[in-house]
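Written below as structure tokens is the structure these notes are about.
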Amino acid sequence: MKRRTGAKTLWQLFSGMLTISAFTFGGGFVIVTLMKKRYVDELALISEEEMLDYTAMAQTMPGPIAVNAAILLGWRAAGLPGMLAAVLGTIVPPFVIISLISLAYAAFSQSAVVRIAMCGMQAGVAAVLADVVCSLGGKVIKSRSAVNIVVMIAAFIAAMFMDVHVILIILGAALAGLAASLIARAKEGTR
Amino acid sequence: MNMLLVLFLSFAEIGLLSVGGGYVAIPLIQRKMVDDIGLLTLSEFTDLVTIAEMTPGPIALNAATFVGLRAAGPLGAVFATLGNILPSVVLVSLLFMVYQRWHGLSLMQSVLASLRPAVVALIASAMLSILSAVVFGEGGMGAGEIHVIETGLFLLALILLRTKKLHPIAAIVLCGAAELLFAAIGWI
């Protein structure tokens, strides 16, 4: 992928992260899903593999996942200025929104309109995540790689039913990949 | 110590210790802000968590603005926010350099290749938790009620996303607007 710098890329990083950060409820995985839609599918600034790698890296690093993912995306797309543009875009919406709300926060947190709209938006968030899970999960299954499919199912069971910490799941997947490649190498060596 | 410096350092500490997102950050914020330095009362902290759940953005950044404003005005909010992201900016940038230099190695490639399906599984698990709240309400499946309208909105949005390439942010906003419409005509 060609590295495009210049004002246009910086603006795409800032304005895209601004919009995503302003509309993203429900945690880090929602924001990385929207980032994939914007920066992989629409703008092709980074590859799908990079976005998935960045998601795993953002999860294992300290700090807000959205900020961590924005840092990685920004560096990759446009170096230091890109990182600053993407991070700025990510932090401005919470800053502005909380500043406005703290002027009248009791009224806001008890507002029926806000609660109803939130309830509907949550359905939309679930649909956006489900859409990406269908696309990416389908690709993993089509890859017909036994290691990948087993890792996906095991990680899902660990996260969904066993409450295993995200970082342990990512470490486990990394170890599985390492083991699989060492075994493959050993087999080649004995041939 | 200067209040701006206190805010900057406290939120830098919260940023540095919160590995793994919002649910790790919430107890850290409580311990630091309510128990250690007393910038928030417990009831203000509860309000903060409620607001954070109702607004976009990472909870640690919401907390930084909320606490910073109360303690030292707009400048306080800026210092708290910058403090919160400082550890990320330093450590994640270093990680990026490592990744750029070594992700081409075949051993790194195979590790990364098996991380990707795990990430897909984690997104699926996050999706199902949210979907369960959408379909069954906050009480979960055990509460025994099904929210038909919200479930319908989810299915409709998913179909439009997959077949009509509806923009994700449009899908989220339209679902919120539709819910308000249903409430206005008295279906909810």
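Taking all Cα pairs closer than 8 Å and separated by 6 or more residues, the relative contact order of the stretch B:3-102 comes to 38 percent. Largest GNM mean-square fluctuation across B:Ile159, B:Ile26, B:Ile37, computed for chain B with C-alpha springs under 10 Å, falls on B:Ile159. For the stretch B:106-184, the relative contact order is 15 percent, taking Cα pairs closer than 8 Å that sit 6 or more residues apart in sequence and dividing their mean separation by the residue count. Annotation for A:Ile183 and B:Trp187: the two label points, set 7 Å from Cα along the Cα-Cβ direction, are 5.2 nm apart.
Taking the C-alpha atoms only, the angle from helix A:112-142 to the longest principal axis of chain A is near 20 degrees.
Placing a label point 7 Å from the Cα of A:Leu171 along the Cα-to-Cβ direction, the residues of the stretch B:2-44 whose backbone N falls under 20 Å of that point are B:16-25.
Dipole size of chain A about its Cα centre, with +1 on Lys/Arg Cβ and -1 on Asp/Glu Cβ: approximately 480 debye, rounded to the nearest 20. Span-like helix criteria (full DSSP H runs; alpha carbon extent of at least 30 Å along the helix axis; mean Kyte-Doolittle hydropathy of at least -0.5) are satisfied in chain B by B:59-102, B:106-136. Using the Cβ-Cβ distance between A:Val113 and B:Thr41 with R0 set to 41 Å, the FRET efficiency works out to roughly 0.90. Which of B:Ser106, B:Leu160, B:Phe136 sits farthest toward the positive end of the charge dipole of the stretch B:106-184, with +1 on the Cβ of Lys and Arg and -1 on the Cβ of Asp and Glu? Positive-most Cα among the choices belongs to B:Ser106. When only Cα pairs below 8 angstrom with a gap of at least 6 residues are kept, chain A shows a relative contact order of 22 percent.
Note on A:Lys8: lysines with a C-alpha under 26 Å away, same-chain residues under 8 apart excluded, are A:Lys36, A:Lys37, B:Lys165. Judged by the mean number of other Cβ atoms found within 10 Å, the most tightly packed of the peptides B:144-155, A:89-100 leads the ranking A:89-100, B:144-155. Would you compute, from DSSP H runs of 4+ residues alone, the mean residue ellipticity of chain B at 222 nm, taking -39500 (n - 2.57) per run and dividing by the full residue count, rounded to the nearest 500? Result for chain B: -26500 deg cm²/dmol, rounded to the nearest 500.
A short reminder: the numbers here are calculations on the coordinates, not readings from a lab. Source: prediction; values computed, not measured. Glycine gets a Cβ as well: all are built from the backbone with ideal geometry, and neighbour counts include every protein chain shown.
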